[in-house]
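Undergrad: Dropping the structure in here first, questions after.
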């Protein structure tokens, strides 16, 4: 019940406050959650037939994205649908994994990872 209340609060608060974007970043707290993120991103990169373990997919107008990786075993993905989104993902070191998903309009995200960081960023703007 507490999770449902928190989800409703998280969803409705930006609307009530007049905010124009909703953003949520999830970082794993356990090794099992970390393995789940790594598996999901591995499947994502296989689906997109990637050789460099990074993908940017854009659909819409005036979107911009940058993805830079140095080190080894890094996986990153940026998906944008809508317009006027901006995202950057910078991965240095080894075994980082992150996905940024943006929808609607006018969201912005800057993520920097070093040595084994994991995460998921979901954003929607109106």
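Undergrad: Could you go through segment 88-97 and let me know if any residue there is closer than 17 Å to residue 23 by Cβ and surrounded by 14 or more Cβ atoms within 10 Å (Cβ to Cβ).
TA: Checking segment 88-97: at least one residue is closer than 17 Å to residue 23 by Cβ and surrounded by 14 or more Cβ atoms within 10 Å (Cβ to Cβ).
Undergrad: Inspect segment 21-29 for any residue being more than 24 Å from residue 124 (Cα to Cα) and at pLDDT below 80 and give the result as yes or no.
TA: Taking every residue of segment 21-29 in turn, none turns out to be more than 24 Å from residue 124 (Cα to Cα) and at pLDDT below 80.
Undergrad: Restrict the check to segment 8-20 and report whether at least one residue is within 15 Å of residue 125 (Cα to Cα) and modelled with pLDDT of 95 or more.
TA: no
Undergrad: Related question: If you check every pair at least six apart or on different chains, which have Cβ atoms under 8 Å apart with a residue in segment 97-114 that is at positive phi first and a residue that is part of a loop (DSSP other than H, G, I, E, B) second?
TA: Close Cβ pairs satisfying both conditions: 104/126; 106/20; 106/84; 106/85.
The values are calculated or read from the model by the stated rules, or taken from the named source; none is laboratory data. Fair warning: this is a prediction, and the values are worked out from it, not measured in the lab. Heads up, the Cβs are rebuilt from the backbone with ideal geometry, glycines too, and the neighbour counts pull from every protein chain shown.
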